1. Need pairs with beta-carbon distance below 8 Å; first residue within 14 Å of residue A:66 (Cα to Cα) and within 10 Å of chain B (Cβ to nearest Cβ) and within region A:81-95, second of a type in the set (Ser, Thr, Tyr) and part of a helix (DSSP H, G or I); sequence gap 6+ or separate chains.
2. Kindly indicate whether residue A:104 is assigned to a helix (DSSP H, G or I), more than 14 Å from chain B (Cβ to nearest Cβ) and modelled with pLDDT under 95.
3. Quick test of your reading of the structure: residue B:30 fulfils all but one of (1) over 14 Å from the mean Cα position of the chain (by Cα); (2) part of a strand (DSSP E or B). Name the failing condition by number.
4. Check off (1) modelled with pLDDT of 90 or more; (2) over 20 Å from residue A:41 (Cα atoms); (3) among the basic types (Lys, Arg) for residue A:135 and give me the number that stays unchecked.
5. Just one of the numbered conditions (1) open to solvent by less than 40 Å² (accessible area, probe 1.4 Å); (2) more than 14 Å from chain B (Cβ to nearest Cβ); (3) more than 30 Å from residue A:176 (Cα to Cα) is not true of residue A:52; which one?
6. Go through region B:92-106 and report how many residues are crowded, with 16+ Cβ neighbours inside 10 Å and within 14 Å of chain A (Cβ to nearest Cβ).
7. Could you please find all residues in region A:59-76 being within 11 Å of chain B (Cβ to nearest Cβ), buried (at least 17 other Cβ atoms within 10 Å of the Cβ) and more than 15 Å from residue A:92 (Cβ to Cβ)?
8. So, in region A:240-283, exactly how many residues are of a type in the set (Val, Ile, Thr), assigned to a loop (DSSP other than H, G, I, E, B) and either within 14 Å of chain B (Cβ to nearest Cβ) or open to solvent by 20 Å² or more (accessible area, probe 1.4 Å) (or both)?
Amino acid sequence: MWETAFALSKWLLYGALSAAIGGTATVQLWIPSGDVANQVKRYLLPGCIAGLLLSAIGLFIQVGAFAESGLSGMFDPVYLSILWQSPAGSVALTQSLGFVAAGLAALLLLRRQRRSAAVLWLLAATLLLLPFGWRGHTAEASPLLGPALSLHAGIAALWIGALYPLWCLNRNGEPRQIRHGMEQFGRLAAWLVALLVFCGAWILYALLGSFAPLVQSSYGLALCVKLLLVGVLLLLAAQNKWRLVPQLPATTARLSRSIRAEILLGAIILLLTALLSTLMGPE
Amino acid sequence: MFKKSLIKILALSTLLFSAALSAHTHLESSAPADGAQLSQSPEALQLHFSKAVRLMHVSLEEKSAGQVKLAFMPGAVAEKDISLPLPALEAGEYTVSWVTLGGDGHKMSGKFSFKLSTEK
């Protein structure tokens, strides 16, 4: 029960992290000034507040799992103190600070202080992504695996978090603004996706020792499902970049549907990632 | 030139990353050992893990008499070798259960058994 609860809290945290990293960057770069306030209030600030709460909830769930004394065990002072001094505590604290920094960056966007917001966003992204290598299967493996995982998670968050503001831009923006935003995002995404796939393949190889276990273990097969979904997401992204965006504004409705499908796929991929990294292991 | 550099980077990267993920922390050995047949009550329970861990729970249970009270408090310091004093044990079949928090944040647990007979 605790592991399932932890996996679900991780899933929601990944969503909040995507909003904090990808959402903030997209609002800053491509959302017209008139729509920034709406995005900050409806998407960025709720995402950061949810992330802050989920960082704490994740820690308390882990305390409950170790205390083994029911729901009240979540607040056991002895186990809370131990977990707080372990990597779990460092992760919760650092990511909480990251969400605070991202929230402040969003508030600065409201005040149109884009440069200061960019600096805070960079700090937030660093604080949110660094802890990815501090625990889990990569924590005790090769020293470069942690940074590779942080980079992988960062690009995924940038991509998935960007989708909602881009979808709103596509629905409410001027044709010129939509084309500008979508084209720039497409250009940036092409490089980032290549890096995302490279880091992912590298991490996968390090976790499994070779690519053969992909088809020989349940963990590998579950990873294959994730890879398949990422493949579909890439196909959708490619369709947007090379077919739908060049034909804007005639394809506005189709582009909206395509981005909505990407959001749904992104949520499923994040759920699968949370389940894989919590309930299953590469051994 | 670019091709050569790329090959060098890839080769170096493969070396750095090729160390397959080390297995989770596990109990390497214990005293009494798993399956041990003792003729004297052991003075301490010694656990030796593959990496430093925080021992979160440990219990000792005799098959018919039930739980044996141990002087154990979970601690925040991670250790590879952990020793717990044991009370004088009666003859019987004992099972030790342990739960640890590994350096990677994972919860690991395990059990092992030993027999104590006082017959000469």
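The values are calculated or read from the model by the stated rules, or taken from the named source; none is laboratory data. Owing to the predicted nature of the structure, the values given are computational and were not obtained by experimental measurement. Neighbour counts run over all protein chains shown; Cβ positions are idealised from the backbone, glycine included. Ligands, DNA and RNA are stripped out before the accessible areas are found, and what is left, the full protein with its side chains, is counted by its heavy atoms. Shrake-Rupley method; radii C 1.70, N 1.55, O 1.52, S 1.80 Å.
1. Once the first residue is within 14 Å of residue A:66 (Cα to Cα) and within 10 Å of chain B (Cβ to nearest Cβ) and sits in region A:81-95, no partner that is of a type in the set (Ser, Thr, Tyr) and part of a helix (DSSP H, G or I) comes close enough.
2. no
3. Residue B:30 satisfies every listed condition except (1).
4. So residue A:135 meets the others, but not (1).
5. Checking residue A:52 against (1) open to solvent by less than 40 Å² (accessible area, probe 1.4 Å); (2) more than 14 Å from chain B (Cβ to nearest Cβ); (3) more than 30 Å from residue A:176 (Cα to Cα), the one that fails is (1).
6. 9
7. Within region A:59-76, A:67, A:76 qualify.
8. 0
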